[in-house]
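Working notes, beginning with the structure itself.
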Amino acid sequence: MPPGFGPIAGLIVGHAHDDRALTGCTVLISEHGMTASCDVRGGATGSRELGVLDSGHLAAKIHALVFAGGSAFGLDAASGVVRWLEERGIGFDAGVARVPIVPAAILFDLALGDAARRPDAAMGHQAAAAATNGPVAEGNVGAGTGASVGKLCGMELAMKAGIGCWTEECAGADGQAVRVAALAAVNAFGDVRDPATGRLLAGARIASGSRDLLDTAAALRRGQAPAGFGRSPAPPANTVLVAVATDASLDRIALQRVAVMASAGMARALSPAFTRFDGDIVFALSCGPPAEAEERVAAVESVGTAAAEAVARAIVRGVTQARSAGGLPGLAG
C-alpha cells in the first residue's frame, strides 16, 4: 500500500498545533468506541487513563486516544477532547451521563520552541473538531510539531522529526484483506535507521551545521555518556508514541499481544530503542466493522506481524517528512 494512515472504517484523526511554540496534539476518535490495549516500553512515560485498557476494566471501549507534546502539562489536551465528545453525546453510558473514555500519552518537546506554551484543553478540542477520515498529515503537525531525534550530544546537535504514518495489509481468516495502520509521533533519544538498508537517516550530528551523523548506538557502546547525564539539566526527555489501528475485530487480550509484537517495529527503526530517557508506548486499536458489516477475523500473529512492519515504516516517515524548525535540520527541507 502507499504511505499513509488507513483509512480505517469508523476512525477519524485530527491535528492541532502551535507553530510558534513548536508543540501540538493529535487525536484518534471512534464515535462508536474502539477496543484498545497498549505496550509500555520506555522508562520515562507520561500518561492518563491507561488503566481503562486493562482487560478487566468495566469500560470495554475507549472513544478517543490523544498524543500531545508539552510533557505532563500536555495531558490537559485530553480534557478538550472529552468536552468535544460530550458535546456530541459520545461516551460510556453511566446512567446519569455519557462519560467519554479518553486515554492520553505525552512526549517532551519543551526544549524546542516556547516551553511556557503547551497543548491545553482548547487545543485538544481544536484537534477533535479537525478530525476527519481523510488523508492524515505528516511531518511538523500535531504531536510531532516539536518532535526531534538524536539527543545524545544535546538538543543543539539533534535533528527535526514529526508525525509519520504507514499502512499494511494481512489476510483475514476468510482470505479477506485486513488493514493495519500505524501513526507514530517520533521524538526519540536515539537515531532513526532505515530497517531495509541499515542506513542511519536522522539523529545526533557530529557538529553544528553538519548533516553527518554520529551513530548514537555506536557512541554509547564506546562509553560516551548522554549530554547532561548525572548533572543538571538531565538528558533531554524524549518519547516515541505509536497508535496501531486495525479493522480486524480483536479483544483487549489479543490487542495487547498485537501491541507487544508491534513494538518490534520500534526496535527495527530506533537506534537505540526503549531507553530510560524515552517514554515509548505502542497502542493497539480495533475499530471493528460498521454495524451493518460482517466482522473481519484475523489471527493475532498476522495482525501483529503487519503491525511491526507498519510501525517501522511509520517511524521512518516521521523523519523523512519532517521539515527544519527550531534551529534543527529536517530531511524534508
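The values are calculated or read from the model by the stated rules, or taken from the named source; none is laboratory data. Because the structure is predicted, anything quoted here is derived from the model rather than measured. Here the Cβ positions follow ideal geometry from the backbone for every residue, glycine too, while neighbour counts run over all protein chains shown.
Worth pointing out:
- Condition met for residue 68 (closer than 13 Å to residue 125 by Cα, crowded, with 21+ Cβ neighbours inside 10 Å and at pLDDT 95 or above): yes
- Residue match in the stretch 37-47 (condition: without any contact (Cβ under 8 Å) to a residue 40 or more places away in the chain and either under 30 Å from residue 113 (Cα atoms) or surrounded by 21 or more Cβ atoms within 10 Å (Cβ to Cβ) (or both)): no
- Evaluated against (1) surrounded by fewer than 24 Cβ atoms within 10 Å (Cβ to Cβ); (2) within 13 Å of residue 41 (Cα to Cα), residue 219 falls short on exactly one condition, (2).
- Checking 143, 104, 185, 196 one by one, the residue that is free of Cβ contacts under 8 Å to residues at least 60 places away in the same chain and surrounded by 24 or more Cβ atoms within 10 Å (Cβ to Cβ) is 104 and no other.
Residue-wise test of (1) in contact with a helix residue (DSSP H, G or I) (Cβ under 8 Å, 6 or more places away or on another chain); (2) of a type in the set (Ser, Thr, Tyr); (3) assigned to a helix (DSSP H, G or I).
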{"residue": "45", "(1), (2), (3)": "no, yes, no"}
{"residue": "55", "(1), (2), (3)": "yes, yes, no"}
{"residue": "75", "(1), (2), (3)": "no, no, yes"}
{"residue": "90", "(1), (2), (3)": "no, no, no"}
{"residue": "118", "(1), (2), (3)": "yes, no, no"}
{"residue": "122", "(1), (2), (3)": "yes, no, yes"}
{"residue": "136", "(1), (2), (3)": "no, no, no"}
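- Residue within the stretch 98-109 that is closer than 30 Å to residue 225 by Cβ, in a strand (DSSP E or B) and in contact with a Phe, Trp or Tyr (Cβ under 9 Å, 6 or more places away or on another chain) present: yes
- Only residues that are among the aliphatic types (A, V, I, L, M) and farther than 21 Å from residue 324 by Cα were counted across the stretch 196-217, and they come to 2.
- Residue 39 assigned to a strand (DSSP E or B) and more than 19 Å from residue 13 (Cβ to Cβ): yes
- Check on residue 73, surrounded by 23 or more Cβ atoms within 10 Å (Cβ to Cβ) and either within 26 Å of residue 272 (Cβ to Cβ) or of a type in the set (Phe, Trp, Tyr) (or both): no
- When the test is whether a residue is at pLDDT 95 or above, of a type outside the set (Val, Ile, Thr), in contact with a strand residue (DSSP E or B) (Cβ under 7 Å, 6 or more places away or on another chain) and not in a helix (DSSP H, G or I), residue 284 passes it.
- The residues on offer are 243, 202, and the sole one that is within 30 Å of residue 287 (Cα to Cα), surrounded by 24 or more Cβ atoms within 10 Å (Cβ to Cβ) and modelled with pLDDT of 95 or more is 243.
- Residues in the stretch 147-161 that are in contact with a Phe, Trp or Tyr (Cβ under 9 Å, 6 or more places away or on another chain) and not in a loop (DSSP other than H, G, I, E, B): 149 only.
- The set of residues from the stretch 1-36 being surrounded by 23 or more Cβ atoms within 10 Å (Cβ to Cβ) and assigned to a loop (DSSP other than H, G, I, E, B) comprises 5, 6, 8, 11, 22.
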